[in-house]
1. For segment A:96-120, name all the residues that are touching a strand residue (DSSP E or B) at 6+ places or on another chain (Cβ under 9 Å) and touching a residue at least 60 places away in the same chain (Cβ under 8 Å).
2. Somewhere in segment B:126-139, is a residue surrounded by 22 or more Cβ atoms within 10 Å (Cβ to Cβ), closer than 18 Å to B:E66 by Cα, facing chain A (nearest Cβ under 10 Å) and hydroxyl-bearing (S, T, Y)?
3. Would you mind listing the strands (runs of 3 or more DSSP E) fully within segment B:206-284 where at least 1 residues are among the basic types (K, R)?
4. Scan segment A:39-50 residue by residue and report those that are more than 16 Å from A:L182 (Cβ to Cβ) and either surrounded by fewer than 19 Cβ atoms within 10 Å (Cβ to Cβ) or small (G, A, S) (or both).
5. Among the residues of segment A:109-135, count how many are closer than 22 Å to A:V27 by Cα, touching a Gly at 6+ places or on another chain (Cβ under 8 Å) and among the hydrophobic types (A, V, I, L, M, F, W, C).
6. So is A:L184 surrounded by fewer than 20 Cβ atoms within 10 Å (Cβ to Cβ), at negative phi and within 12 Å of the chain's Cα centre (by Cα) or not?
7. Of the residues in segment A:22-72, how many are touching an Asp or Glu at 6+ places or on another chain (Cβ under 7 Å) and among the small types (G, A, S)?
8. Within segment A:163-172, is even one residue in a helix (DSSP H, G or I) and within 14 Å of chain B (Cβ to nearest Cβ)?
2 protein chains.
Amino acid sequence: MEIIRIPRIMQDTSRGHILHSRTVGFVPTMGALHAGHIGLVRMAREENDITVVSIYVNPAQFGPAEDFSSYPRDLEGDTDSLRKAGVDVLFLPDDLHMYSRGFCTHVEVSGLSEKLCGGFRPGHFRGVATVVTKLFNIVSPTKAYFGQKDFQQALIIKRLVKDLDMAVEVVVCPTKREEDGLALSSRNRYLGKEERNAASVIFRSLKKASEAVKSGIINTASIKEIMLAALKSESCVSEIQYGSAYDPETLDEVERIDREALLAVALKVGNTRLIDNILVGPGK
Amino acid sequence: MEIIRIPRIMQDTSRGHILHSRTVGFVPTMGALHAGHIGLVRMAREENDITVVSIYVNPAQFGPAEDFSSYPRDLEGDTDSLRKAGVDVLFLPDDLHMYSRGFCTHVEVSGLSEKLCGGFRPGHFRGVATVVTKLFNIVSPTKAYFGQKDFQQALIIKRLVKDLDMAVEVVVCPTKREEDGLALSSRNRYLGKEERNAASVIFRSLKKASEAVKSGIINTASIKEIMLAALKSESCVSEIQYGSAYDPETLDEVERIDREALLAVALKVGNTRLIDNILVGPGK
């Protein structure tokens, strides 16, 4: 596995592959890798000649009161996992190269970025959109892989790729879960034992709501009540930021679940912010 | 000369050239071409294997009270000139393909975009930055050519290319002028005969200021006075928006011209908004 730290060298390496008509699969990450990331890597390997993974904890997508400095970092463990997973190139840029002196350009996906998580993390998706645009320009991937757990992020990235005519195919892969349903997330490492047990309520609440939809309850108010009641039954849940049924294209809350909808939730377990979602509706 | 209207086809065409190791020179324009544009085409041809010119009057860079609908259009004349100039591909996208349903992504170069022309044309440079990002992603040029007359635009584009890691070299070519010094501009077509004669005062005012700098007057207040006095002597000049000496990297007004500076002016001759600039300072 080749390790590259300089964007220009990464760019030349990728362009070299493209000039040789090799397809490049790309998995951008913030490290602290788990089986969800490795699943994305597996998909990238299956579908492309070359697999590139980036690890970069992007300061621009953290708010001033958020967990940038404490965000889990495990470069040694990550490097091992990626080597074992058969990754060809690990791209490890640093802040000096990513945001050099005088940096002042931002990519903004208006509308989508202010909803759901955007309401609680102002500037977050601007930071995501900007760094993903940069990474795509550096790596020139044929396909890029994201997890459905970050549904809003994937939607925003698909939108910016389309709007800015980037020649990248965005692939969204199903959320990987622990046995009790908890969606894999680097932030799960923050959870104490009791919190970790409690966190399984998130998926349970989504499943309960989903089963209610299947049973014919399609007005969002009732579905929301079912979700929130489940979440509130767990005392470790210290704050529920949002939890309802949304249009999977616009992220607006829907009134009735009469076609495909996104059940999504964001909450805090202790001090740890967690999100999850599932798609429901006819045929799901 | 190949004419392409669909972004995806333009993208595939350009990628085909790149896969064959051909360099692509790109001149993005809004049409109503003049000798300045053709000079850029000449440079592009000299330095690249393939020359692509786009004509697209980008609605997103015009304010609601600006001249989008009346902006000069001469597709037949332009096509002729470009064919004669030896252009390989003319890219003619339409609004439906450039801003399709649901478009909501914008590229913003903060700081630089609010200064000089940005103060009088809010949103203009956001529109420019966004469309240039799109065009670069569609055309994948090796080098892209811009005129120095639009100094601020070229500076913003250089900045966004660097900040977003786009693999494009931005080349800024000297301003082409009429015999009396008037900078070539598509908007010169708006000028009546009297206004056209009067408009030569713009370059005259810049030359006077530049000569004053050469003679040793380096405080901006005096230089500004010389420029503005020249401009005000012309009764067709109906409004002076700005006119002074600026730092060519930050576009902030400088106090003294003790190193390279940009003398820049924006004004209206009758109802027509015109801009011009020259670089002055040691060695100029």
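The values are calculated or read from the model by the stated rules, or taken from the named source; none is laboratory data. Note that this is a predicted model, so its numbers are computed, not measured. Methodologically, a virtual Cβ is constructed for each residue, glycine included, from the backbone with ideal geometry; neighbour enumeration extends over all protein chains shown.
1. Within segment A:96-120, A:K115, A:L116, A:C117, A:G119, A:F120 meet the criteria.
2. Taking every residue of segment B:126-139 in turn, none turns out to be surrounded by 22 or more Cβ atoms within 10 Å (Cβ to Cβ), closer than 18 Å to B:E66 by Cα, facing chain A (nearest Cβ under 10 Å) and hydroxyl-bearing (S, T, Y).
3. B:261-269, B:272-280
4. A:R42, A:M43, A:A44, A:R45, A:E46, A:E47, A:D49
5. 1
6. Here the answer is yes, as A:L184 does meet what is asked.
7. 3
8. Yes, segment A:163-172 contains a residue that is in a helix (DSSP H, G or I) and within 14 Å of chain B (Cβ to nearest Cβ).
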